[in-house]
């Protein structure tokens, strides 16, 4: 059926729809179902022919996310797509309410998991920009694949975005591009019913009152972009919360609602902190801002913000930094040149040596005649190419 779904013809889409009724593929591996629907959003006109028939399969848990993601993409491309699902709104609201209840039952555990992996596949690492390798930082856990390349889980030969990683599994369009799971799709689809159906308003309100800050952030963004009211207290809390500050600020800027940003959190120090530590700190975690240092590279000039951290089971302080932030300190760079998670700091002298080494490497960044190679414990070797 996957081969049929790749064919962008009305006949193929009709065959795909009919085969679902005749031999519905069932699997306990969600990504296999998602792969089945992967190519069905390539044409708005053809995708529309699958509805309302696909609603007959929403009772199957393994089909729900794929169907509602497809419907969300259709709605994003064509707002008149509400005609396909408004008649089914009672069923959709019931499914959305049940999914939210399941989600919020385990909200604290999910929040810990999500925050622990916040920086995965997000920002470029200092080591890699200076050595010209195609990797980016994965937060507290090392380096990951360059986000411009195809992501594959080589154990199953399936793109990572089919396995539910936020960044790769979100909406491909600019509108609602933070939507990346079933609750998010319900939030997008139900927004036209907000003022008409009390159950829909209750759905949104329950999310905004929940402890799941990441879900709350994405839902608030969906509401704001849809022109729905979001309490000022929620908007402030999402900027104050270190786990949501970066993504929320980035999204707010992308949808041109900068006036909602609070200068208490929309500043270089707070954003640099959120870039490096986009998670909710536990009691045993410690974080200290050290200094900002002006750095000149061959291409640009800006500030590097240095911190020391002791996260989780760390036995000592580690030096971390991010940059470059603009010379005009009233402005922020939401997409930094790099992040860096350093080695253990032995003492103040060692701390300063590490800072000096980082600054020296940044000053060489972009010079075509210098190749920087990294050794152990942040020792760098320089190979000067012959003129």
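Any read-out appearing in this document is the output of simple, stated calculations on the displayed coordinates, not a laboratory observation. Keep in mind the model is a prediction, meaning the values are calculated, not measured. No Cβ is skipped: glycine too gets one built from the backbone with ideal geometry, and neighbour counts run over all protein chains shown.
Quick one: check the C-alpha center-to-center distance for segment 228-275 versus segment 185-203, whole angstrom.
Using only Cα atoms, the two centres lie 24 Å from each other.
Averaging sequence separations of C-alpha pairs under 8 Å and six or more residues apart, then dividing by the length of segment 2-89, give the relative contact order as a whole percent.
29 percent
For residue 287 and residue 264, what does the FRET efficiency come to when R0 = 22 Å and r is the distance between their Cβ atoms, rounded to the nearest 0.05?
The value I calculate is 0.80.
Segment 320-346 to segment 14-60: how many Å between their Cα centroids?
45 Å
Divide, for segment 2-89, the radius of gyration over alpha carbons by 2.2 N^0.38 Å, where N is the residue count.
1.00
How high is the FRET efficiency between residue 86 and residue 232 when r is their beta carbon distance and R₀ equals 30 Å, given to the nearest 0.05?
0.45
When a footprinting reagent is the concern and you count Cβ atoms within 10 Å, what order do 86, 4, 252 take, fewest first?
Neighbour counts put them in this order, fewest first: 86, 4, 252.
For the pair residue 363/residue 300, report the inter-label distance in nm, with labels modelled 7 Å from Cα in the Cβ direction.
Result: 2.0 nm between the two label points.
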